[in-house]
Each structure stands twice: as C-alpha cells, then as structure tokens.
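Take a look at the structure below.
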Amino acid sequence: QVQLVESGGGLVQAGGSLRLSCTASGRTISSYTMAWFRQAPGKEREFVAATWRGLSTYYADSVKGRFTISRDIAWKTVYLQMNSLKPEDTAVYYCAARQDVYTNNPSDFESWGQGTQVTVSS
C-alpha cells in the first residue's frame with residue numbers, strides 16, 4: 001500500500017492562491033489514479049480533482065478553471081494548484097490513491113493522507 005503525506009495548506013484571502021503537495025512513498029504510483037478530495041465541516045467528502053497515469057485529468061465543476069492537478073516527473077509528488085480561491089473552498093483537503101482507473105467515488109480509493117486544512121477568508 002502507498003503512504004501519502006499532504007502539505008501546503010493554510011490561511012489565504014479570497015482571490016488568493018495555494019499549492020498543495022502530496023508525497024507518495026512505499027510504491028510507485030505511475031499507474032495509479034491520484035486524486036484530491038475535500039471535506040468541509042458538516043459535509044460529506046467530495047471529489048476535487050484527479051489524474052490517471054498522467055494521461056488524463058478530471059475536475060469537479062466547482063473548481064474547473066481555477067484548480068490544476070499535476071505531478072512531478074518522478075511520480076513521487078502530486079500537486080494541486082488552487083487559484084482564485086473562494087470562502088466556499090474552505091475544507092480539509094485529502095490526497096488519495098487508487099490502483100485502478102479513474103473514479104471520483106472516495107470509497108474506491110485504497111490509500112489516504114492525513115489531510116491538510118485550507119481556510120479562505122472573505
């Protein structure tokens with residue numbers, strides 16, 4: 001199983017930017033679907049973005065055009081660049097890995113990081 005550690009969260013004003021990082025260890029993730037999910041207080045965990053083998057990327061409608069998922073060439077780290085942040089983006093952001101094709105269902109992911117808090121002030 002792959003181990004995931006997120007970093008890069010913090011407090012930012014609306015309209016600002018943050019870049020989250022997810023560092024993987026334990027196994028090579030080049031064949032995995034790597035995804036970001038988020039969970040706000042009192043809400044269910046929701047899909048944000050995913051990349052499958054670096055060939056395809058997928059985004060939730062709420063972040064399309066503002067967020068970008070990418071990975072380093074060594075397939076050790078996956079990033080989530082978040083621009084034009086809004087207060088409704090406030091949540092704990094989780095990195096997840098799945099050793100199979102793309103899905104946006106969190107129940108289908110085998111490995112999870114501990115989460116990183118993103119707070120966007122208005």
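No value in this document is a laboratory result; all are computed from the given coordinates. These numbers come from a predicted model, not from an experiment. Methodologically, a virtual Cβ is constructed for each residue, glycine included, from the backbone with ideal geometry; neighbour enumeration extends over all protein chains shown.
For the reader, a short list of remarks on this structure follows.
- Centre separation in Å (Cα based) which lies between region 59-103 and region 27-51: 7
- Rg(Cα) / (2.2 N^0.38 Å) computed for region 40-109, rounded to two decimals: 1.12
- Extension gain, T68 to V5, is 20.8 nm, computed as 0.36 nm per intervening residue step minus the present C-alpha separation.
- Within region 1-73, the GluC sites (Glu not before Pro) that combine a DSSP coil assignment with at most 14 other C-beta atoms in a 10 angstrom radius are E44.
- For the chain, the equivalent ellipsoid derived from the alpha-carbon gyration tensor has semi-axes of 22, 14, 13 Å in decreasing order.
- Here the contact order of region 14-122, divided by its residue count and restricted to Cα pairs under 8 Å and six or more residues apart, works out to 34 percent.
- Compared with the alpha-carbon gap, the fully stretched path from R27 to E44 is longer by 3.2 nm at 0.36 nm per residue.
- Shown here are the Rg and Dmax of the Cα trace of region 56-96, at 11.2, 33 Å.
- Selected from Y102, G15, V92, residue furthest toward positive end of dipole (region 2-122; charges at beta carbon): G15
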